[in-house]
Amino acid sequence: MSRVTATAARVATSPAVTPSVLAFFLLLYVGIAFGSNEPLTALMAITRGNPALIALLALIPLSGAARLVAETRDFLRRRRALSGAAGIDAGGLFDDEVALPEESAFEEEGKRLEEQGYAVRAGSGSLAARRGLSLFPARVLYLSGMVLLFCGILLSLTGRATHRQVVLEGEALPVSRDLVRGIVLKEEPGLILQRTLDIAVAGEGGGERHFGLYPPGTHRGHYLYPRYLGVAPLLRFSAPELPGGFEQFAVLSIYPPGKEDSFQVPGSPYRFIFQMAPGDGPDPYASGKITLQFRLLKGETQVWAGSANVGGETSGDGYRLALPEFRRAVVTDFVRDAGVPLIWSASALLLLSLCWFVPIRLLWPRQEILVVRHAGAVVARSRAEGGRRAHAGRFHELLDQVHPREGGTP
Amino acid sequence: MLTALKVIPQLLCWAVLVPVMCRSLTGMSTAVAAAAGFVAGVAGENLLLAYVGGELPFRPLRGICGVIFLLLWGASVWALYRSGSTSPESGQPTPSPLASGAAALGTGVLAGALTLCRLAPLEGGAVRLVPYLTLACAGAAVALGAAYAARFLPQRLVPRGIPLVALVVSALMLMACSVQRLDLFSPLSMEVMKFVHDFVHQFFESMLIPDHPFFRADVWGYIGLLFGDKVGLWGGLALWYLPVLLIALSLRLERLPSVAHIRQGAARRKLLASFIHERRLRLAAPLLALVFLTGAAYQSRFPATEYWDPKPVEVSANPAGQIAIPKKGEIDLEDGKLHKFSYRQGSREARFFVMLTPAGQLVTTLDACAICQPEGYGQAGNAVICYYCRTLIPLETVGKPGGCNPVPVPCSVKGDAVVIDGMTLVNTWESTVQVTAHGKGMGK
């Protein structure tokens, strides 16, 4: 390996890379926070538009991958050394290493270590003892999770595209002829969600698909992310200045009840402000028994107010409003984002890593001893995940037995 | 007498800091440099107060305090990183006399300037001559006297390297946080709150998680804790203490020396016990730093200043929905103080205040900002303070939007009255309070 390659490998596998990059972004965040009320959003926008920052952020998954490779290599080398394989240089793979004189006899010490709960493997010129489970699987899961997490963040930052559209009963989904047959909201309390939403879509080529709340379904590579519910009543409105009247479906984002939305009557000074009345019974959006409360403004002056049931009508002061029918609507974000599955996968891996790490680290951490006779010396090595002192004590006792006189080279 | 009491905590900090620095660095010369720095800091800051005025003398000091706190964070992460290293540095290198002198001088300048700011009048201007000279002399005397006291400080308790930096920075934070205009803890809490709101919002958006109408009420209640009024405080406390805790952890995690080459169990145990004992003693500095930081956070949360905070007067609108408040009625709106009012429209209620800015303009703003929980504002001297995040807003900027400024409400002066549209006021209040109470886009 050339000097440059070795340096690059050392830098790539350095545990300082991730904290350094994160510290840089933290400083950037602090700087932005002085001038913005939404520094995180601003930081994301700045990073998205800056290739240098993207490249800097990409160092984290690259370093994670490099460390995964390096740590796997070390793990396999250590495992081979413990299994008695010849020609393995175990230097740097253990916490403690002592060189003893060549005459030190360790071959009889295996039995004593077995009594102390170690699984012992004695070979020609070597003695390996181990107990407990390795934290290496947790480490692999953790590093893989970090790589996936930051790959997901990078993909999400650089490639996310969102279009907000209204999905309306009886209309086609955007950029297709797939027809929305029905939108159903149900009270079905689950572990986390209180309601379920079902958007039934008849495919252009036949068949039916259903889109729910979570996990979001995909339509032509876009996630359907329901944001707000709304209704689209058919408005029939007439006023003294509009004797001919007006009729149109008006998409109103007025769910949950109490939320207001306005509708400008085209070509007139009139503007309706609607909200859904809460009602005493079941959810009005789910049941379809909807009462709309409205205010009618002419310019900035309120000229009429009242309420009307969907399917009914109301009139007063020369104005008349009828709502003969309505359709359910969902204000939906169509999101193309390849990072989402990676981030969720990363969360699962990190959780699994934690589930492995905590019990093993607390109850049964890996402890290893390896004594190997080389030409001219005996080298004793020891390693304890979590740095348990009891294991170090047993290692020292072993050394006392093997070579009771003062000496040895640390 | 009262003036002297004001700076006692700062001088006590100084009296603790200098002996430690003398013992850790280069003895008497450190004390002399620290004393000279203190006097220079007091004199320089008073000159700035006298000739520059306004907020300007405080800004660089606050910036420097922010930077050294960030540096402490960096140092703590570095210390933790080194503690896990398989080849820890052997001992701390002793700084050169020049570096020691510069460090002591710099600390002295900052300590002097921060202590003087405690005496700065709220209405602006320099500190009067007697307290100014007394403070400079007291600071110098404490520093020089500390060189004698330093002899009695056990060598094993003396911090070096990063633990010493932690102690110095935390003492300076305590000095800074006792001056409202230099306080760092409150802005930190506010930034944490903004970050949590922003993060939760971005997380929901990025992971395509549905909005609150679809959630079970109890689950949303737990998520709602992140938008609660104490998130900023607890998050701020975590960030405040964490660097020192990380330094303490790095000391605790320092690897024990290898004793495998010693063939006598008793000798091994003695060596390890001695190392562990030394390691425990080195925790004294981070523990003292934690005490300083606790004092700083307490000063920030419970400042000694009393605020002008009148009870809101209830007002009503005319049939056209206009609220008219006379400029010179029972309340004089043009006296330079904030005057609070409340307006009720059915079940909806809004709180606002009217005040005359130093530019001579009557402004109307909500008694809430666009970021924090609507706990309202009080007035002290030439600033108003947000009670939630303790941010001071100069009177010159009241009526302008942004940051933690009170949210402006359009108003007009018609004849002898200030006129506000009731509907606009209530809508602005509701949209502001809804956002700050539930997070952006999550309570709508």
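No value in this document is a laboratory result; all are computed from the given coordinates. This one's a predicted model, so the numbers in the text were calculated from it and none came from an experiment. Note that we place each Cβ from the backbone using ideal geometry, even for glycine, and neighbour counts take in every protein chain shown.
Relative contact order of the range A:229-332, taken over Cα pairs closer than 8 Å and 6 or more residues apart, is 30 percent. Taken over the protein assembly as shown, the convex hull of the Cα atoms encloses 227 Å³ per residue.
Take the Cβ atoms of B:L144 and B:T357, set R0 to 60 Å, and the FRET efficiency comes out at 0.80.
The simple Förster model, with R0 at 35 Å and r as the Cβ-Cβ distance, assigns A:F246 and A:E208 a FRET efficiency of 0.50. Quick check: from the Cα gyration tensor, does chain B come out rounded (a/c under 1.5), prolate or oblate? Oblate is the answer for chain B, as a/c is 1.5 or above yet b/c matches or exceeds a/b. Annotation: peptides A:341-347, A:288-294, ranked by per-residue average of other Cβ atoms within 10 Å with the highest first, follow the order A:288-294, A:341-347. Seen against the Cα atoms of chain A and their longest principal axis, helix A:51-82 is set at about 40 degrees.
The phi-based Karplus calculation (6.51 cos²θ - 1.76 cosθ + 1.60; θ = phi - 60°) puts the 3J(HN,Hα) values of the range B:264-275 at 10, x, 5, 5, 4, 5, 5, 5, 5, 4, 5, 5 Hz, whole numbers, x for Gly and Pro. Shown in residue order for the range B:136-153 are the 3J(HN,Hα) couplings computed by the Karplus curve 6.51 cos²θ - 1.76 cosθ + 1.60 at θ = phi - 60°: 4, 5, 4, x, 5, 5, 4, 5, 6, x, 5, 4, 6, 4, 4, 4, 8, 7 Hz (x for Gly and Pro). Answer rounded, prolate or oblate for the range A:159-227, using the Cα gyration tensor with square roots of eigenvalues a ≥ b ≥ c: rounded when a/c is under 1.5, else prolate when a/b is larger than b/c, else oblate. Cα axes put the range A:159-227 in the oblate bin. Amide H contacts under 5 Å for A:Y270: A:V265, restricted to partners 5 or more places along the chain or on a different chain, H placed in the peptide plane at 1.01 Å from N. Looking at the protein assembly as shown alone, DSSP beta bridges between its own residues are antiparallel in about 95 percent of cases. In this rough spin-label picture, where each label sits 7 Å from Cα along the Cβ direction, the B:V130-B:M423 distance is 6.2 nm. Packing around the peptides A:45-52, A:167-174, A:280-287, B:244-251, taken as the average count of other Cβ atoms within 10 Å per residue, puts them in this order, highest first: B:244-251, A:167-174, A:280-287, A:45-52. The separation of the range B:352-375 from the range A:174-201, counted between C-alpha centres, amounts to 45 Å. Here the contact order of the range B:89-244, divided by its residue count and restricted to Cα pairs under 8 Å and six or more residues apart, works out to 24 percent. Fewest-first ordering of B:C65, B:C137, B:C386 by other beta carbons within 10 Å of each residue's beta carbon gives B:C137, B:C65, B:C386. Along the range B:237-251 the Karplus relation, 6.51 cos²θ - 1.76 cosθ + 1.60 evaluated at θ = phi - 60°, assigns HN-Hα couplings of 4, 4, 5, 5, 7, 4, x, 5, 5, 5, 5, 4, 5, 5, 5 Hz to successive residues, with x for each Gly and Pro.
Taking 4 °C and 1.567 mPa s as conditions, chain A diffuses translationally at an estimated 46 µm²/s according to Stokes-Einstein applied to its Kirkwood radius (Cα pairs).
Residues whose amide H lies under 5 Å from that of A:I290, counting only those 5 or more places away or on a different chain, are A:V310; hydrogens are built 1.01 Å from N in the peptide plane. Projecting label points 7 angstrom from Cα along Cα→Cβ for B:A40 and B:V313 puts them 5.4 nm apart. What the Cβ-Cβ distance of A:A348 and B:T397 gives, at R0 = 41 Å and to the nearest 0.05, is a FRET efficiency of 0.30. Relative contact order for the range A:272-410: 10 percent, from Cα pairs under 8 Å spaced at least 6 residues apart, divided by residue count. What shape does the range A:313-355 take by its C-alpha gyration tensor, where a ≥ b ≥ c are the square roots of the eigenvalues and a/c under 1.5 counts as rounded, a/b above b/c as prolate, and the rest as oblate? In terms of gyration-tensor shape, prolate. Placing a pseudo-label 7 Å from each Cα along the Cα-to-Cβ vector at B:A266 and A:V11 gives an inter-label distance of 5.4 nm.
Each residue in A:S63, B:S316, B:S206 was given a count of other beta-carbon atoms within 10 angstrom of its own, and listing them fewest first yields B:S316, B:S206, A:S63. For A:G217, the amide hydrogen comes within under 5 Å of the amide hydrogens of A:G212, A:L224, counting only partners 5 or more places away or on other chains and with H modelled in the peptide plane.
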